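Okay, structure first, notes after.
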Amino acid sequence: MKKYSVLFAVDVPHYGPVDIEAAGDAEALTAVRAYWERVEAGNELEPAFDPHWDSKVCARIVHIEAPDGEEIARDVPLDQFHLRCGGEADRRLCEAAPDLLAEAIKAVALMKAAGVGFNETGLAAAIAKAGGQP
């Protein structure tokens, strides 16, 4: 039997309360955002220090290393969660992706049925990559 070295990772949310004073609701949100900017800049203490292990997400194999030191696998997800970076616009795009894919598949089918010629190689490849059938 060979012995492989495996590095696992999970992301664990941390929580922490903070009291903020503000004149009203809109000002409270502004004050909280300003507070978080100070945290990120290192000018306030990090408030989120209480880990919630029961809420872990993004379980993954970081890598598997063979006995000879060769890496045989990397970034293998172990649950249904993933993180994306891109802010609110990216989140909305991810939420809309199933509908966008369905409409693209319909459009390709209609164009094919109507005999409309276009270079569908790139579109078909993108649809197939996303799990659909052009």
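Summary table below
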read-out: Which labelled figure in [x] 13, 46, 36, 5, 0; [y] 10, 23, 33, 23, 11, 1; [z] 9, 19, 24, 21, 18, 8, 1 is P(r) over Cα pairs in 10 Å bins from 0, in percent, once derived from the coordinates; value: [z]
read-out: Estimated [θ] at 222 nm from DSSP helical runs (n ≥ 4, -39500 (n - 2.57)) normalised by residues in the chain, nearest 500; value: -13000 deg cm²/dmol
read-out: Computed FRET value (nearest 0.05) for residue 46 with residue 68, which takes r as the C-beta separation and R₀ as 35 Å; value: 0.25
read-out: FRET E, pair residue 75, residue 21, Förster distance 35 Å, beta-carbon r, rounded to 0.05; value: 0.20
read-out: Sorted by Cβ density within 10 Å, fewest first, the residues 101, 29; value: 29, 101
read-out: Residues residue 126 and residue 59, FRET efficiency given R0 of 30 Å [Cβ-Cβ distance, rounded to 0.05]; value: 0.60
read-out: Per-residue ³J(HN,Hα) for segment 68-74, Karplus 6.51 cos²θ - 1.76 cosθ + 1.60, θ = phi - 60°, Hz, x for Gly and Pro; value: 7, x, 6, 7, 9, 7, 8
read-out: Candidate aspartates and glutamates for bridging to residue 129, where Cα separation is under 15 Å - those fewer than 8 sequence places away on the same chain excluded; value: 120
read-out: Nonlocal amide H pairs with residue 44, under 5 Å, H built at 1.01 Å; value: 39
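Bear in mind these aren't lab numbers, they're just calculated from the coordinates by the rules spelled out. The structure displayed is predicted, hence computed values, not measured ones. Cβ atoms come from the backbone with ideal geometry, glycine included; neighbour counts cover every protein chain shown.
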